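Read the structure below first, then the notes.
Each reported figure results from applying straightforward, stated rules to the coordinates on display, with no laboratory input. Keep in mind that this is a model prediction, so the values were computed, not measured. Cβ atoms come from the backbone with ideal geometry, glycine included; neighbour counts cover every protein chain shown.
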Amino acid sequence: MRARRPVVHVAADVLALVAVWVVLVAPDSPNRLTPLALLRIPVEGLALAALALVLPRRGRRAMAVLVGVPLGLLTVLKVLDVGFFGVLDRPFNPVTDQGHLRSAVDFVRESAGSAAAIGSVAGAGLLALVLVVGVPLSVSRVAGVVARHRRWGVRSVTSLAVVWTVCAVLGLSVVPGEPIAAADAGRFATGQVSATAAGLRAERSFDSAVAVDRFRAPDTADLAGLRGKDVLLAFVESYGRVAVQGASSRPVQALLDAASQRLRASGYSTESAFLTSPTFGGVSWLAHATLQSGVWVDNQWSYDQLLSGDRTTLSRAFGRAGWRTLAVLPSDRGTWPQGEAFYRFDKVYDSSRFGYAGPGFGFSSMPDQYALSAFQQVELAGRPRPPVMAEIDLASSHGPWAPLPRMLNWDRLGDGSAFDAVHRQAQSAETLWSHREDVPAAYMRSIEYSLTALVTFVERYGSDNLVLVLLGDHQPATIVSGFGGNHDVPVTVIARDPRVAQRISGWGWEDGMRPDSAAPVWRMDAFRDRFLEAFSGPAPSSSATVPVPPRQP
């Protein structure tokens, strides 16, 4: 037993040293998390070891708390950054992003059930506790080892300091962008302070932006250019620029080109461009709010603030002008009081409102084709009615992109149980994600499905009174889009009445459903004002032009 105690102590010392080392040099982005990134020398570690050599025992204990606890908290933030970069391709902001943690839990609950959500919360809480408690204990243990072995400590600190200085002067790196002479912890702490200050400034800036509303008065947008039209605002989940440009997107490109030709032959115009979304990889409701409200909503705090106010949205403007306004949210599994309170939708259709009796497909409660068909039957078909304005949030192209539905005969959809056989034959999410290299192709297939559902819906049910605004909400997650990409999403206006195309002729958008690399790019918050301007008041002359809003800086 006595022989084992030194071994246990040595193992604990080594484990504490490794823990402190990793905490100090581990990157905050998943694309940088490689074993080589850990083979660097943290200057903060050298400073801690030097302090341990000169401080008395009581001072080392104080150092373990005063340095270890903040370092543990910074490590929690670094873990959050890794998660945010992995999905949203941006770091976590401690001021404006706290609400996203709740949204992440809701996503797990809706995708994998309540047990998985509870387990994820428990696991995250345990990890945070381990870091906040374990890091100070590790700092204390390492400081004690250095103090007990003073001669070894002095030699080690001096040697590593010399190596650090030489590497810093020569700019040596283990891999590009990962210098051997590391100072990551200090920079990360400084970055968190800056991010907090930026978050506070963003809150003040957002309040100022929301206060300016050109269309607050009812008579500022009569939407005369759309009188009698059914206007559908259809968001295709994760439909980003990556889906229409690049070699991997050729099947989608071919689909869009063929659809453009068919629609043109049926008398429809199709005009396309790009919008820069405020979000990336997820958090779709930020894009919905930005497009509807005409203000930039790029975090959960801003979203909550917006929905607590009374800013004019597209749905409010249509409602004031005499349209029946609807939210079609076929994958929402709960009530959404803000739909009526803020957006002023006359009715909200969630997953329980369409009588779907078939299986769910990943995150999506029902296939897009079924949702569109059910919407057609309950709101558009037959009876005399006022014109409809609807926001339709389609989700079949939502990750994990498996199992994926396929198109069925529109006349045989019934209550959706026809999709049982499709679900049984479809690839499972577990199988797909066990071969991660296949995920981008699965994403493209999901976009093909959603676009096919929308285009065939227009071909089957469209009329001179249909106007469809089809767009993406954000780029897909980094596993498809990669890191450091843009936030652009395609947008297309489809209409058969030539007067609709005339109203937007000054926008400079491209003909067809597939915008190319030279297509105009607007910030998504510019759309509300441009849209309301274009379709309100008398029709512009054929020579009139409308200035194009600048791209997001």
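Between D257 and A197, 0.36 nm times their residue separation minus their Cα-Cα distance comes to what?
Once the chain is fully extended between D257 and A197, it gains 16.9 nm.
I need two numbers for region 4-201: Rg to one decimal and Dmax as a whole number, Cα atoms only, in Å.
18.6, 58
So, in nm, how far is label A381 from label L33 when the simple model puts each one 7 Å beyond its Cα toward the Cβ?
4.9 nm
Over what distance in Å are the Cα centres of region 230-252 and region 182-229 separated?
Between the Cα centres of region 230-252 and region 182-229 lies a distance of 25 Å.
Could you work out the pair-distance distribution P(r) of region 239-339 from its alpha-carbon pairs, with 10 angstrom bin width and percents rounded to whole numbers?
12, 30, 34, 21, 3
Among bridges DSSP assigns within the chain, what percent are antiparallel (round to 5)?
Roughly 40 percent of the beta bridges in the chain run antiparallel, per DSSP.
Using a simple spin-label model with points 7 Å from Cα along the Cα→Cβ vector, what separation in nm is obtained for L66 and S173?
3.6 nm
Per 10 Å bin, what is the whole-percent P(r) computed from every C-alpha pair distance within the chain?
3, 16, 24, 22, 14, 10, 7, 3, 1, 0
What does the charge count near S272 come to, summing +1 for each Lys or Arg and -1 for each Asp or Glu among other residues with Cβ under 10 Å from its Cβ?
It works out to a net charge of -3.
Quick check: net charge around A289, other residues with Cβ under 13 Å of its Cβ, Lys/Arg +1 and Asp/Glu -1?
Neighbourhood net charge equals -3.
By how many degrees, 0 to 90 and rounded to 10, does the Cα axis of helix 4-25 deviate from the longest principal axis of the chain?
Long axis of 4-25 versus the principal axis of the chain: about 50 degrees.
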